[in-house]
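Asker: This is the structure I want to talk about, given as structure tokens.
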Amino acid sequence: MGLDMKRYCNFILATVLLLVFAGCTRLFFKPGNIFVNDPATQRLLPEEVHFTSSDGVKLYGWYFTRPEARGTILVCHGNVENLSTHVKLDLWLVEAGFNLFIFDYRGYGRSGGEPDVKGVHLDAEAALETLISRLPHPGNDRIIVFGKSLGGAIATNMVSTSPYKDRVKAVILDSVFSGYRTIAREKVADSIVGWPFQYPLSFLVNDDYSPLKKIMDLAPIPLLIVYGTDDRIVPGHHSRLLYDAAREPKELWVSTVPGHVRSFSDTAFREKLLNYLASLP
């Protein structure tokens, strides 16, 4: 093969790798800036919260409060759109008597900056600190961290390393992946173009914050892991890996509701969760 042909082949290979890796990066962050005006949300009168991450990025959230709250739930949402769409799945918790704080990571909604793996974890730390330090309210002595999909990975790392860990009464992980590198490898392998490069490309992904590395450090906080058998975005083996690695106290719930992060659309699952939260010490 001549020198020019080698250069051409190297160029093609580099282009393919760049395109596949760009797709791998988009796997984690798909922010949206358009807010959905939902009457059901506004009826519950969320307070706008402006706060700052430790590296100076300005962040935005909504805080719903209830009289004589049964507890306070911090939601770390998934990787698409923004809090105005995600919160629709959580309003039932507010209606059930819980305070709820949901926030947008950097680059999402009305938060500043651009998303990256390290940055969104800093944002979650700032959200917990904000909830504890700046928003004193009845119910804040019973904080439950609820992480969904990407938010579950973020929540695991945040709680396990937080100086406020002792303030968290439970962690709920819904449809979470076990590792950034692992899920990236699986998604790249789904592509015919990407399949041959799944291993080399996955090592370009920052795996420092993967939940499998931190899940055991959540103890002694009660841990609830939930996944759906028909989840085609994050397969259930990720949840099982995390459950096996976690220390007691822990529970694993399996849902047959189709879709990703849809288990709690089932009224029976909602009632089961309310009973679980009521049983916490």
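Asker: Could you pull out the trypsin sites (Lys or Arg not before Pro) across segment 225-259 that fall in loop regions by DSSP (anything but H, G, I, E, B) with no more than 14 other Cβ atoms inside 10 Å?
Answerer: For trypsin sites (Lys or Arg not before Pro) across segment 225-259 that sit outside H, G, I, E and B with at most 14 neighbouring Cβ atoms in 10 Å, the list reads R232, R247.
Asker: Dipole of segment 72-118, Cα-centred, from +1 at each Lys and Arg C-beta and -1 at each Asp and Glu C-beta, to the nearest 20 debye?
Answerer: Magnitude of the dipole: close to 80 debye.
Asker: Under a Cβ-only charge scheme (Lys and Arg +1, Asp and Glu -1), can you give me the dipole magnitude of segment 101-167 about the Cα centre, in debye to the nearest 20?
Answerer: Charge dipole of segment 101-167: 140 debye, to the nearest 20.
We did not get these values from a lab; they are worked out from the coordinates using the rules stated. As the structure is a prediction and not an experimental result, all values here were calculated from the model. When we count neighbours, we look across all protein chains shown, and the Cβ atoms used for this are built from the backbone with ideal geometry, even at glycine.
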